[in-house]
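The values are calculated or read from the model by the stated rules, or taken from the named source; none is laboratory data. Computed from a predicted model, the values in this text were never measured in an experiment. Cβ atoms come from the backbone with ideal geometry, glycine included; neighbour counts cover every protein chain shown. Protein only, heavy atoms only, side chains kept; ligands, DNA and RNA dropped before computing areas. Shrake-Rupley method; radii C 1.70, N 1.55, O 1.52, S 1.80 Å.
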Amino acid sequence: SKTCCTCGGYIAGSKAVVELLKFTSPGFVYSVGMSPVLAAAAKRALEMMLAEPERVAKLQAVSHEFVRYAKEKGLDTGAAEGYAVVPIMLGSSLLAGKLATRLFERHVNVLPIIYPVVEEGAARLRFFLSAAHELKHVHEAIDMVCEELPKAKADVEAMTHGKGAT
């Protein structure tokens, strides 16, 4: 659903399956159709992927390196296989928020995904990678995660024991 630069995804299946899902899946019951501008953006993204397959190959290389390097540094990437969206599993929602803030201060824009979006204890940072990233960006971002993680843990420890945050 993130590949085409817009929202949602697509359903592939028999007409009966597609119709069943359209009318019973919560994402369809509580939402509206895609706007024309989002449909145009998705169409253009598909055209670019077909016309410039080297972009897809570069994204795959960057994403695979992100997962490989993160694991080498001892970070938990969950079930990530090296696609455009890669998590760093942290467990604590508070830790995910603190670490995301520390990384943002260092110009790394990463979103914390916390409860109730994910179950309690499954908080993570979600990195969105693109063909615009270079391998050096991957290494720099992972290195910053490794530098800031202990500090964020200390912040959380101080907060949860009433000593204030740093």
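Matching residues to (1) over 16 Å from residue 69 (Cα atoms); (2) of a type in the set (Lys, Arg):
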residue	(1), (2)
88	no, no
92	yes, no
95	yes, no
105	yes, no
124	yes, yes
131	yes, no
155	yes, no
161	yes, no
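Examine the range 64-85 for a residue that is over 23 Å from residue 113 (Cβ atoms), within 18 Å of the chain's Cα centre (by Cα) and open to solvent by 30 Å² or more (accessible area, probe 1.4 Å), and state whether such a residue exists. Within the range 64-85, not a single residue is over 23 Å from residue 113 (Cβ atoms), within 18 Å of the chain's Cα centre (by Cα) and open to solvent by 30 Å² or more (accessible area, probe 1.4 Å).
The residue that is nearest to residue 62 (Cα to Cα), among those in the range 138-166 that are open to solvent by 70 Å² or more (accessible area, probe 1.4 Å), part of a helix (DSSP H, G or I) and without any contact (Cβ under 8 Å) to a residue 60 or more places away in the chain, is 140. Any chance the range 30-41 includes a residue that's touching a residue at least 12 places away in the same chain (Cβ under 8 Å), open to solvent by 40 Å² or more (accessible area, probe 1.4 Å) and β-branched (Val, Ile, Thr)? Scanning the range 30-41, I find no residue that is touching a residue at least 12 places away in the same chain (Cβ under 8 Å), open to solvent by 40 Å² or more (accessible area, probe 1.4 Å) and β-branched (Val, Ile, Thr), so the answer is no.
So that you can scan it fast, the table gives a plain yes or no per residue for (1) over 24 Å from residue 82 (Cβ atoms); (2) touching an Asp or Glu at 6+ places or on another chain (Cβ under 7 Å):
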| position | (1), (2) |
| --- | --- |
| 102 | yes, yes |
| 111 | no, no |
| 118 | no, no |
| 127 | no, no |
| 131 | no, no |
| 135 | no, yes |
| 141 | no, no |
| 156 | yes, no |
| 162 | yes, no |
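I'd like the residue in the range 84-133 that is touching a residue at least 40 places away in the same chain (Cβ under 8 Å) and in a loop (DSSP other than H, G, I, E, B) and, out of all such residues, is nearest to residue 156 (Cα to Cα). This residue is 92. Before we move on, is residue 116 at pLDDT 95 or above and either of a type outside the set (A, V, I, L, M, F, W, C) or closer than 23 Å to residue 62 by Cα (or both)? Against the criterion (at pLDDT 95 or above and either of a type outside the set (A, V, I, L, M, F, W, C) or closer than 23 Å to residue 62 by Cα (or both)), residue 116 does not qualify. Note on the range 7-27: among residues that are touching a helix residue (DSSP H, G or I) at 6+ places or on another chain (Cβ under 9 Å) and modelled with pLDDT of 70 or more, the one that is most open to solvent (accessible area, probe 1.4 Å) is 23.
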